[in-house]
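Quick notes on the structure that follows.
The values are calculated or read from the model by the stated rules, or taken from the named source; none is laboratory data. Every value quoted in this text rests on a predicted model; they were computed, and no experiment measured them. In this analysis, Cβ positions are derived from the backbone assuming ideal geometry, glycine residues included, and neighbour counts consider all displayed protein chains. Side chains included, ligands, DNA and RNA excluded: accessible areas come from the protein's heavy atoms. Shrake-Rupley method; radii C 1.70, N 1.55, O 1.52, S 1.80 Å.
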Amino acid sequence: MMPFDPTLFTISAIVCWLIGMTLFLFQDKLTVIKISAHGFFLAGVVVLTVLAVMLWQELGRAPMRTLGETRLWYALFLPLTGYATYIRWNYKWIIYYSGVMAIVFLGVNLAYPDNYDRALMPALQSVWFVPHVIVYIFAYAILAVSALAAIKGLYVNYFQKSRDWSPQLADNLVYLGLGFLTLGLLFGALWGKEAWGHYWTWDPKETWAFLTWIGYLAYVHFRHHQPKKVVVAMWVLALAFVVLLICWFGVNYLPSAANSVHTYS
Amino acid sequence: MKQEKRKKPIWVKPWGYTEGWLIVLGLFITGLALQLATGGLDRSALAWPVNLVVGIIFTLIIVLGWVFLKRKTPVAWLGSIPAAVTSIAMITFLVLLMGFTLQEDAQNPVWVQKLGLSNMVSSWPFIFGIIFFLTSLGMATVKRLIPFKGRNIGFFLNHAGLYIIIIGGMLGSADLKRYTMHLHEGEIVWYANDRHGHQVQMPLALELISFNMEEYNPKIAVIDPHSGRIIPETISEMFEIDKGNRGTIFGYDVEILEFHKLSGKIGDRYEPVNDFGAAPAAYVRATCEEGESTEGWISSGSFMMPHSLVDLNHVYDFSLAMTIPQASHYSSDVVLYTESGDVEEVRIEVNHPVSAEGWKLYQYSYDDRFGRWSPSTVIEAIRDPWLPFVYSGIYMVLIGSVYLMTLGKAPVKENGEQS
Ligand code: HEM
């Protein structure tokens, strides 16, 4: 019943990123190629933004309720984060990683099309809903890139036996990502007070959000104290991302979540 | 860490991670023993003013301890990162256990209950862990606070803010009151029920004028009439019912010719009515690929009316059905009476609690047998005197997290690009 087809937008975004990434491989050859590489990559982001806005209007609510809808935002913010990181710090590999990750997420959405539904349960109808979700997805996108930086660091360490590697990108991303994660956690607490009567109830989703947060906190403190022990720090960072993924997708399947108020489809 | 161990024996200045892990182990074993011997902590033992006294003494010990004893090895260590990291690790471990265990005694085996796993936040290992964590956090805060330096402000907001949130939340939970008030139309209710069903006198009274519910339009679905289940392949084809809407579902072209949000059955048709127990109904036409079409009324029904289906084939394997509409808003209009004699009419809605006499009143529940026609409502009354204190901590960390985002350092040139 959608007056437009989300699939079309999704596929166009994927195609834009694929072309963009391919062109980035050859960007040194010609300026035209370089400019088109940037153009196509950003066009993918724009297409997806348009889809998000249209969905928002069509549904009459923020499209942030179902897992499929959050995957859409993730696929939007991840390439954006990757692109910004590339522009700021010039790590080219991030473009490919973030692009591929975003395509995977959109692929999942294509395989399991959402049944777009206008209904938004009353507890979610709050001024906190949008800032809470946006800030969280943004944090997740940034921290995903930091996890990739960690995996790359571990790879370089174990397989290339090289110490010539700096975790500075990971650090910078974690400061940013943890800042957003903290905002998300606290917005959630303030919202919880208005919607459910208390700011913190150790509900399973909250428990796992806390674990995610404290994992990154451990990373920040460990790095501050022992900047030389890069390998241990990168393991902490990679594991923290596993916890993040459990928090995002896994909680619905845990026995401890039987009574959760936060398990949506 | 191995190198460190060889360089210096344990418990010799300065302490590092090894000492931290041993302390964690000690706290854990002691906590477990206490847990098995006495069961968890009874929160109500901390009720006002005990919690205030405990909080002040604890904080004073940290501040004075740092000021006068900061040269002692254990105190210096508590304000260091190894203490922070090991205490964070201890909390992480315990919360991880909590993350895998349903936090409800009744639904867990006895050994889980005995170990305190099903009530983690009141268990002794957790409380010992939090005390270690708070001590480290507090010491770190004071360490950077005295002498005060302007550039430490971000650090202070994060660490002091978190200290305030955690200590206020833990101690304050002993004073948190969550009661429910069950209201029926036309009755003035001055009491509430606690979680165990005991009645408590309230300093305010509520009288229900009306319970209100708005609903989203229902959707059209194809179900198996015997099981009542939606045919799985059609889930993504379901669409919203409204007059004129049309879509393809299960290979049928389905049109909604008529839709009444509230209706009653009159003879063999549905007419719009606004009576108690009215239900939504729609007149639909389904046309199969061969061109043959079926028409009829579908309705999700209500507690007063049966539902109604349109069969799509003659062997009754699958039928068109209307889903039960979902609530978009619900609220209670009540008269609020206070002890001071005020009388006021207010609306209590989900996400929009009402404050009165130090209590916050929340729309909690209603009689779902009757849905929108519920003659009763449940209001939750919550009192949390420590809230302003905890919120001040939350605001500090909110600002602190913005500071955190600025900590990224300028890029170092990494011998060109590595990829
Ligand atoms: C909101 C949560 C927290 C944030 C954002 C945070 C952030 C930081 C940062 C960025 C530093 C590096 C110092 C600086 O650049 O100013 C630091 C240091 C430190 N933090 Fe935290 N921290 C948090 C919670 C904690 C907790 C829970 C503990 C203890 C259990 C702790 C203990 C310490 C210690 C001991 C230092 C080193 C201080 C020093 O040696 O001067 N922090 N923290």
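Scanning the range B:357-401 for residues being away from every other protein chain (no Cβ under 13 Å), charged (D, E, K, R) and either within 16 Å of the ligand (Cβ to nearest atom) or crowded, with 20+ Cβ neighbours inside 10 Å (or both) gives a total of 0.
Mind checking which helices (runs of 4 or more DSSP H) fall wholly inside the range B:3-115 and carry at least 3 residues that are within 16 Å of the ligand (Cβ to nearest atom)?
Correct list: B:17-38, B:50-69, B:73-78, B:81-100.
Taking the stated definitions as given, is B:Glu258 away from chain A (no Cβ under 14 Å) and either among the small types (Gly, Ala, Ser) or free of Cβ contacts under 8 Å to residues at least 12 places away in the same chain (or both)?
Criteria not met by B:Glu258.
Which residue out of B:Asn212, B:Asn217 is of a type outside the set (Ser, Thr, Tyr), within 14 Å of chain A (Cβ to nearest Cβ) and over 20 Å from B:Ala282 (Cα atoms)?
B:Asn212
Taking the listed residues A:Trp213, A:Trp235, the one that is of a type outside the set (Lys, Arg), within 12 Å of the ligand (Cβ to nearest atom), within 19 Å of A:Leu178 (Cα to Cα) and open to solvent by 10 Å² or more (accessible area, probe 1.4 Å) is A:Trp213, with no other qualifying.
Output yes when any residue across the range B:126-145 is away from the ligand (no atom under 11 Å from the Cβ), closer than 30 Å to B:Gln35 by Cα and open to solvent by less than 30 Å² (accessible area, probe 1.4 Å), and no when none is. Steps first, answer last, please.
Filtering the range B:126-145 for residues away from the ligand (no atom under 11 Å from the Cβ) gives B:126-128, B:131.
Filter once more, keeping what is closer than 30 Å to B:Gln35 by Cα: B:126-128, B:131.
If we keep only those that are open to solvent by less than 30 Å² (accessible area, probe 1.4 Å) as well, we get B:126-127.
Scanning the range B:126-145 turns up at least one residue that is away from the ligand (no atom under 11 Å from the Cβ), closer than 30 Å to B:Gln35 by Cα and open to solvent by less than 30 Å² (accessible area, probe 1.4 Å).
Checked against the criteria, B:Ala84 counts as under 26 Å from A:Phe210 (Cβ atoms) and modelled with pLDDT of 95 or more.
Within the range B:337-346, the set of residues being farther than 11 Å from B:Leu206 by Cα and assigned to a strand (DSSP E or B) is empty. Taking every residue in the range B:53-81 that is among the β-branched types (Val, Ile, Thr) and pairing it with any residue that is away from the ligand (no atom under 15 Å from the Cβ), at least 6 positions away or on another chain, the pairs with Cβ-Cβ distances below 8 Å are B:Val54/B:Leu46; B:Val54/B:Leu171; B:Thr73/B:Lys13; B:Val75/B:Leu69. Residues that are more than 10 Å from chain B (Cβ to nearest Cβ) and either open to solvent by less than 30 Å² (accessible area, probe 1.4 Å) or free of Cβ contacts under 8 Å to residues at least 24 places away in the same chain (or both) are absent from the range A:113-129 altogether.
Any chance the range A:182-197 includes a residue that's within 7 Å of chain B (Cβ to nearest Cβ) and outside any helix (DSSP H, G or I)? Yes, because at least one residue in the range A:182-197 is within 7 Å of chain B (Cβ to nearest Cβ) and outside any helix (DSSP H, G or I). Restricting attention to the range B:274-281, does a residue exist that is open to solvent by 30 Å² or more (accessible area, probe 1.4 Å) and in a strand (DSSP E or B)? Looking for residues that are open to solvent by 30 Å² or more (accessible area, probe 1.4 Å) and in a strand (DSSP E or B), one finds none in the range B:274-281, hence no. The set of residues in the range B:203-219 being touching a Phe, Trp or Tyr at 6+ places or on another chain (Cβ under 6 Å) and over 18 Å from B:Leu262 (Cβ atoms) consists of B:Ala205 alone.
In the range B:146-198, the qualifying residues are those that are away from the ligand (no atom under 12 Å from the Cβ) and of a type in the set (D, E, K, R), and the one that is nearest to the other protein chains (Cβ to nearest Cβ) is B:Arg178.
Tell me whether the range A:18-29 contains one or more residues that are closer than 30 Å to A:Gly250 by Cβ and part of a helix (DSSP H, G or I). Within the range A:18-29, one or more residues are closer than 30 Å to A:Gly250 by Cβ and part of a helix (DSSP H, G or I).
When restricted to residues that are farther than 22 Å from B:Val12 by Cα and either of a type in the set (Phe, Trp, Tyr) or open to solvent by 30 Å² or more (accessible area, probe 1.4 Å) (or both), the range B:51-66 contains 11.
Put simply, of A:Trp165, A:Trp200 the only residue that is outside any helix (DSSP H, G or I), open to solvent by 30 Å² or more (accessible area, probe 1.4 Å) and away from the ligand (no atom under 16 Å from the Cβ) is A:Trp165. Of all residue pairs spaced 6 or more apart or on separate chains, those with beta-carbon atoms under 9 Å, a first member in the range A:187-211 that is among the acidic types (Asp, Glu) and a second member that is assigned to a helix (DSSP H, G or I) are A:Asp203/A:Gly192; A:Asp203/A:Trp196; A:Asp203/A:Ala257; A:Glu206/A:Leu185; A:Glu206/A:Gly188; A:Glu206/A:Ala189; A:Glu206/A:Gly192.
Exactly one residue out of B:Arg195, B:Arg178 is at pLDDT below 90 and either among the aliphatic types (A, V, I, L, M) or surrounded by fewer than 22 Cβ atoms within 10 Å (Cβ to Cβ) (or both): that is B:Arg195.
A:Ala75: open to solvent by 50 Å² or more (accessible area, probe 1.4 Å) and more than 9 Å from every other protein chain (Cβ to nearest Cβ), yes or no?
No.
Would you be able to say whether some residue in the range A:153-170 is modelled with pLDDT of 90 or more, closer than 15 Å to A:Leu217 by Cα and touching a Leu at 6+ places or on another chain (Cβ under 7 Å)? Yes - at least one qualifying residue is present in the range A:153-170. In this structure, does B:Ser263 turn out to be away from chain A (no Cβ under 14 Å), open to solvent by 30 Å² or more (accessible area, probe 1.4 Å) and under 30 Å from B:Thr377 (Cβ atoms)? No, not satisfied.
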